[in-house]
Amino acid sequence: MKALSEFNPHLYSSAFVELLQEERLNLLDPGTPNMQMRPALAALTIEKAFAPNKIIDADMARACLAGIWLYHDFLEESHQISQSIATTTGSYWHGIMHRRESDFSNSKYWFHRVGEHPIFEPLRQAAAELAAASTSHESTAFLRRQKKWDPFAFIDFCEACLKRHSPAETLCRQIQQGEWKLLFDHCYHQAIGNLY
């Protein structure tokens, strides 16, 4: 599994490179759909998205589409795709989408279906590094101390940041962005059978 620092949009197919040119630090809530990208997203099929690569795992390819819609704040479109993927990774995208729409109990339901996931360890490491570099207060100490990634604690952290307009909100958004990058990268490489 790659580290977060190795994320490079230019290593993906040209369709994804175009959709990832704008670095986005998504809000913890639904945000506002990036309407400028809607036509490109709507025209995207898994074949176009991955060309010229051959797709080995269609579920992982569709998971990338769920992720790219979510990246541009189209939660409903992302939801339609992720809820049709009956895998732990489909549940992961589904859980993120519900967390972003502030349906925290539903997000936890989907994360229970995820169980352990291959991106949890690099995500734990990235979150600990971001928390250590942050000037946020003691509410983020759990991120530096945890020995394994706890998606439920992160859901609670997101909820607390939203409800209290916490100074740790930027840190929370950075971790969410890192989570997105790690999960998208994992899905992309699994989709084309490039297992690092």
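Which value, in nm² and rounded to one decimal, describes the direction-averaged projected area of the C-alpha convex hull of region 1-69?
Numbers: hull surface 22.2 nm².
Here the figure is 5.5 nm², rounded to one decimal.
For region 47-117, the Cβ-based charge dipole about the Cα centre amounts to some 120 debye (Lys, Arg positive; Asp, Glu negative; other atoms uncharged). Note on Lys48, Lys108, Lys148, Lys181: ascending count of other Cβ atoms within 10 Å places them as Lys148, Lys48, Lys108, Lys181, the fewest first. For the chain, the longest principal axis of the C-alpha atoms and the axis of helix 88-100 are separated by about 60°. Working note: 222 nm ellipticity from helices only, DSSP H runs with n ≥ 4, each -39,500 (n - 2.57), summed and divided by the residues of the chain, gives -18000 deg cm²/dmol to the nearest 500.
Here r is the Cβ-Cβ distance between Ala58 and Ser5 and R0 is 30 Å; the resulting FRET efficiency, rounded to 0.05, is 0.50.
The angle between the Cα long axis of helix 169-191 and the main principal axis of the chain comes to about 30°, on a 0 to 90 degree scale. Once the Cα atoms are used to define both axes, helix 104-114 deviates from the longest principal axis of the chain by about 60 degrees. Only one of the values (1) 37, 18, 14; (2) 26, 18, 16; (3) 24, 19, 16 was calculated from this structure for semi-axes √(5λ) of the Cα gyration tensor in Å; name its label. Only one listed value fits the structure, namely (2).
Extension gain for Arg24 to Glu76 (0.36 nm times residue separation, less C-alpha to C-alpha distance): 16.9 nm. Counting only Cβ charges, +1 for Lys and Arg and -1 for Asp and Glu, the dipole size of region 136-179 around its Cα centre is about 140 debye. Computed from label points 7 Å out along Cα-Cβ, the spacing between Thr170 and Ala51 is 4.2 nm.
Dipole check for the chain: with +1 at the C-beta of Lys and Arg, -1 at the C-beta of Asp and Glu, and the Cα centre as origin, the magnitude is about 300 Debye.
Read the figures in this text as sums done on the coordinates, not as results from a lab. These numbers were taken from a predicted model, which means no experiment stands behind them. Note that each Cβ is placed from the backbone with ideal geometry, even for glycine, and that neighbours are counted across all protein chains shown.
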